[in-house]
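Trainee: Pasting in a structure now, in structure tokens, and then I'll have a few things to ask.
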Amino acid sequence: MRSIVQPGPPAPERIQWVAARGRAFSFTLQAGVPLLEAARRGLAEGGFTGGTLRMNDGALGPFAYVMPALSNTSANAAFYSDTFRPAGVTRLKLATMTLGARDGAPFFHCHGLWTEADGRINGGHMLPEDTVVAEPFTVEAFGIDGAAFTAEPDPETTFKLFGPVARPAAGLETTSRAFALRLRPNQDFAGALEVFCRERGIISAKLHGGVGSTIGARFADGRIVEPFATELAVRSGVIVAGAGGALEAELDIALVDYLGGIAEGRLIRGDNPVLMTMELVLEVLGESTRE
């Protein structure tokens, strides 16, 4: 399997995780409000300070983003492009967001695909400070209680990255057991989730959110993305028993690579290593019965 040498030492714990509880719900983002604040308000109305969002459409403007890029120094294995600020209203095709905190204030990590006002189709990493909701639109959310995503320095990649940390449970209305996760570099995306579930007796689970990067991509239909630096959003994901009875992760994703290529589809299992990070929430749907 492919791998990329990171500038710092690999952490022994390859999956950061915190057990929590959560609840899925939907809300409408308010027009004229910065995307970060609109997302924060919507989760707060459900009682939550953090969680994930999935957007299947929507209008943004002003809008700012960066794309994956090569690093000009040895300080990072990959980096970001200059900032793009397309004029007019940008129409989302899809996007996935993790809402947490950075430096004590609300912050998000959000990747997606969209069509800009001039008709160009692009994708990448949205900038929280410079992106505004242009028209009201509805999003799917999953709020978490007992865990939070907090941006902290990551010695392995030398970036400041979201990772789950434990928080006192607030006793909010929830429906499911859940795990807040961050996958570290150079492990297969699907395989890591399958092992995580198997070790905990989880026999079925649903992904919420899903923001990160893989080293290129290999799809189940045989397509290959060769450029190694990507920005990825999970469209949908489940871990369920396959035909042979073993757990299998079904991961449908969308990504943009550092050359501007866009790809969508189901990832093949066993050959899609994480580049920098992959953050998500697993909702537990079924567990094995243990004596």
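Trainee: Highest GNM mean-square fluctuation, the chain, Cα pairs closer than 10 Å: which of 239, 202, 215?
Mentor: Highest fluctuation among the options: 202.
Trainee: Under a 5 Å amide H to amide H cut-off, with H placed in plane at 1.01 Å, what residues pair with residue 272 once short-range neighbours are removed?
Mentor: Residues meeting the amide H criterion: 189, 190.
Trainee: Related question: Report the label-to-label distance for residue 2 and residue 138 in nanometres (one decimal), using points 7 Å from each Cα along the Cα→Cβ vector.
Mentor: 3.8
Trainee: Next question. With springs connecting C-alpha atoms under 10 Å apart, model the chain as a Gaussian network and identify which of 201, 191, 210 has the largest mean-square fluctuation.
Mentor: Maximum among the listed residues: 201.
Trainee: Pick out which of 277, 115, 49 has the largest mean-square fluctuation in a Gaussian network model of the chain, springs linking Cα atoms closer than 10 Å.
Mentor: Residue with maximal mean-square fluctuation among 277, 115, 49: 115.
Trainee: Here's a follow-up. Between residue 26 and residue 85, with labels modelled 7 Å along Cα→Cβ, what's the label distance in nm to one decimal, could you check?
Mentor: 3.4
Rule-based calculations on the coordinates, nothing more; no lab input. Note that the structure is predicted; figures quoted are calculated from it, not measured. Note that we place each Cβ from the backbone using ideal geometry, even for glycine, and neighbour counts take in every protein chain shown.
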